[in-house]
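Read through the structure below, which is laid out as structure tokens, and then see the notes.
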Amino acid sequence: QVQLVESGGGLVQPGGSLRLSCAASGNRFSTYTMHWYRQAPGKQRELVATITSAGSTDYVTSVKGRFTISRDNAKNTVYLQMNSLKPEDTAVYYCNAQGVFVRYWGQGTQVTVSS
């Protein structure tokens, strides 16, 4: 069983930045594709960003050019750098680890963008 612990959420003004972190347990982190999802109140969970074990990345259109996903396999950690934040980015952000036959979820971290 892999445990994922997110951190770095909080309250930020529009135009501000936050960096989310997700620390994973276990020794297979480097083999997982890692995702960041988010869920706003009353909305479905949305895939925001993905990074493969090889380092390839992909983003939902609404965050392209503003968010950057990265990973540090030595630290078993995936990051989401969020710049130029907008009120519509307000959501609970979840880390997800995808293996061949398994998926693991973190508990989520709240991001609120408001003046």
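Where residues in segment 27-38 are out of contact with any Phe, Trp or Tyr (no Cβ under 6 Å at 6 or more places or on another chain) and without any contact (Cβ under 8 Å) to a residue 60 or more places away in the chain, which of them is surrounded by the most Cβ atoms within 10 Å (Cβ to Cβ)?
So, considering only residues that are out of contact with any Phe, Trp or Tyr (no Cβ under 6 Å at 6 or more places or on another chain) and without any contact (Cβ under 8 Å) to a residue 60 or more places away in the chain, the one surrounded by the most Cβ atoms within 10 Å (Cβ to Cβ) is 30.
Need pairs with beta-carbon distance below 8 Å; first residue more than 16 Å from residue 110 (Cβ to Cβ) and in contact (Cβ under 8 Å) with a residue 60 or more places away in the chain and within segment 1-26, second among the β-branched types (Val, Ile, Thr) and open to solvent by less than 60 Å² (accessible area, probe 1.4 Å); sequence gap 6+ or separate chains.
2/102; 14/113; 24/2; 24/77; 24/78
Restricted to segment 65-111, and to residues that are hydroxyl-bearing (Ser, Thr, Tyr) and within 15 Å of residue 14 (Cα to Cα), which residue is surrounded by the fewest Cβ atoms within 10 Å (Cβ to Cβ)?
For segment 65-111, the residue satisfying everything is 84.
How many residues does segment 61-101 contain that are of a type in the set (Val, Ile, Thr) and in contact (Cβ under 8 Å) with a residue 24 or more places away in the chain?
Going through segment 61-101 one residue at a time, the tally reaches 6.
The values are calculated or read from the model by the stated rules, or taken from the named source; none is laboratory data. None of these values were measured; they are calculated from a predicted model. Positions of Cβ are backbone-derived with ideal geometry, glycine not excepted, and every protein chain shown enters the neighbour counts. Side chains are part of the model used for accessible areas, which takes the heavy atoms of the whole protein and leaves out ligands, DNA and RNA. Shrake-Rupley method; radii C 1.70, N 1.55, O 1.52, S 1.80 Å.
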